[in-house]
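Here is the structure we will look at.
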Amino acid sequence: MANERLQYLDPSGRARSGLPDLKPERLRELFIHMLRVRCVERRMLDLQRAGRIGFVGTAKGLEAAIIGSAAALDKNDWLWSGLREGGAALMRGLPLSEYLAQMYGNGNDTAKGRQMSNHFQHAPSHYPSWSSVIGTQIPNAVGAAYAAKLRGSTEVHAVYFGDGASSSNGFHSGLNMAGTWQVPVVFVLVDNGWAISLSSRDQTAAESYGDKGAAYGIPAQEVDGNDVVACHVAMGEALERARSGSGPSLLVLSTYRVSGHSSSDDPARYRDPAEVAAWERRDPLERMERYLLGAGLLQEGDAATLEQGLLDEIDSAIHEQEAAAPVRLKTLVEDVYSEVPRHLREQYNRFLEVAQRHGKAQPGDGAFPL
Ligand SMILES: Cc1ncc(C[n+]2csc(CCOP(=O)(O)OP(=O)(O)O)c2C)c(N)n1
Ligand SMILES: [Mg+2]
C-alpha cells in the first residue's frame, strides 16, 4: 500500500509542522514561476480563441505539481514531458520567444513547424520533444536513464505523464525495465482527475496510483499536488535516491485539471461543475500566496504587480512573434537527406508553383535546379 499523502501547506496556506528549510527567496521564486505559467497559458488561450494559434493544453490547477517538482531538478537532469509541462521548460531555460514560436509554428520555431503546437523541445535545458501518442515518453526516458547509468553519469531522468498514461503499454514496460535495471529515473504521475472525459477514479481498479509501482518493485510517494512545497520536497528526495544509485521512484502528484483537456474540449459535457468549483477553491497559487503573505515574504498587492509585469513581458514577446516570417517552404524537404534527391526536388518545385499562385511563397523559397 502506498504511504500517506505528503503535505506541508494546508489548503488555507497554513504551514503544517516540520516545514522544510527552504530559503525565502526560493519560496518566492516558486510562486513567481507558477504565476508565469498561469499568465502565459491565459494568453495562449486568448490567442487560440482569436484564431492566431491552433491548439493549447493548459496546466491550470497543476502549476504546483509541475513547477514544484521540476524546480528540484539539477541543470544536468532531463525532463521528459507530456502535454502540460511547457511551463517547466520555461523555468529551466526555454526562452519565451521560442515557446511562442513553437505555438505559432512560425519561422523562428526550432522544430520548423513540424510539431503540433504546445509540443515543446529545448535541447539546452534537456527537454526532449513529446509525442502525442500517450505514454511513449516513458520507455524513452527509461532507455536514456539506463544509458546514463552505463556511462557512469550522475544525471537523473524525470518523466512526466498523466493518470490516463498509467494504463498505456509504455507505462508498464517502462516501469518494468526501470525496476529490473535499477535506472536513475523518477516517474512523475500527475493525477489531474481526468484523461479527457474519463475520470481518474474509473481509470484503474488499483486502490491508489502509488500501488501501481509495487508490481515493479518501485517505491511510490503520494503527494498533495496542489502544495508546491510538498511537490518540491518529494521530488528532491526521489532525485537524491536515483542519483545515489538506489533506483527509480514513482511520485503521484494528486491535483485537478481545472480547464478542459485542451482548447478543443468542452468539459461541461462530462463533469459536474460542483467538482470543478471545489478544486478551484484549492487553487495552488492562492495557497502559496496566502502562505507567503502570512510569512511576510509577500505584501498585499505584490502578486497583482508581479502578474502585470509578467503579462507585459508576455505581450511584448507575442507582438514580436506575430511579426515573424512563416516557416520557409524549403524546410519541407530538408533534414532527411544530405542532398535533396531528384524526386523530392521535382515534387517541391511543383508544390512551389501552387504556393506562388496562392501568394504563399516567400523570397528564398525558390525552385531547385533539376
Ligand atoms: C496511444 C493513445 N491513445 C489515445 C490517445 C488520445 N488521448 C489524447 S490525450 C488522452 C488522455 C491523456 O490523459 P492523461 O494521461 O491523464 O493526461 P492529461 O491529458 O490528463 O494530462 C488520450 C486518451 C492518444 N493520444 N494516444
Ligand atoms: Mg489526466
Pop a pseudo-label 7 angstrom from the Cα along the beta-carbon direction at both Glu25 and Arg350 and give the gap in nm to one decimal. 6.2 nm
Go through 103-109, 219-225 and give me the packing order, highest mean Cβ count within 10 Å leading. 219-225, 103-109
Using a Cα-Cα cut-off of under 22 Å, which lysines could be cross-linked to Lys330, ignoring same-chain neighbours fewer than 8 residues away? Lys112, Lys360
Mean-square fluctuation maximum in Gaussian network of the chain, Cα pairs under 10 Å, restricted to Ala123, Ala148, Ala317, hits Ala123
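Let me spell out the model: positive unit charges on the Cβ of Lys and Arg, negative unit charges on the Cβ of Asp and Glu, origin at the Cα centre of the chain. What dipole size does that give, in debye rounded to 20? Write down the numbers at each step before the final one.
Details: 38 positive and 46 negative charges, 172 e Å.
The calculated dipole for the chain is roughly 820 debye.
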Over 17 Å apart: what share of the alpha carbon pairs of the range 50-136 falls there, rounded to a whole percent? 46 percent
When the Kirkwood hydrodynamic radius is evaluated over all pairs of different C-alpha atoms of the chain, what value in angstrom, to one decimal, is obtained? 21.9 Å
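Mind checking the full-extension length gain between Ala15 and Gln362? Use 0.36 nm per residue of separation minus the Cα-Cα distance, one decimal, nm.
Details: separation 347, 0.36 × 347 = 124.92 nm, distance 5.79 nm.
That pair, Ala15 and Gln362, stretches by 119.1 nm at full extension.
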Dipole of the range 24-322, positive end: most advanced residue of Met177, Gly225, Ser246 [Cβ charges, Cα centre]: Met177
Between the alpha-carbon centers of the range 70-149 and the range 326-368, tell me the distance in whole angstrom. 28 Å
Can you figure out the FRET efficiency of Asp211 with Arg151, using R₀ = 30 Å and their beta-carbon distance, to the nearest 0.05? 0.35
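At a Förster radius of 45 Å, what calculated FRET efficiency corresponds to the Cβ-Cβ distance of Ala268 and Ser316, to the nearest 0.05? Don't skip to the end; give the middle numbers.
Working: r = 34 Å, r/R0 = 0.76.
Given R0 = 45 Å and the Cβ-Cβ separation, E is 0.85.
Could you tell me what percent of the DSSP beta bridges with both partners in the chain are antiparallel, to the nearest 5? Could the numbers behind the result be given before it?
Values: 5 of 26 bridges.
Around 20 percent antiparallel, to the nearest 5.
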Loop-only trypsin sites (Lys or Arg not before Pro) in the range 281-318, please: DSSP not H, G, I, E or B, and at most 12 other Cβ atoms within 10 Å. Arg281
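Laboratory data are not the source of any read-out in this text; all were calculated from the coordinates shown. Nothing here was measured: the structure is a model prediction, and the numbers come from that model. We place every Cβ from the backbone using ideal geometry, glycine too, and count neighbours over all the protein chains shown.
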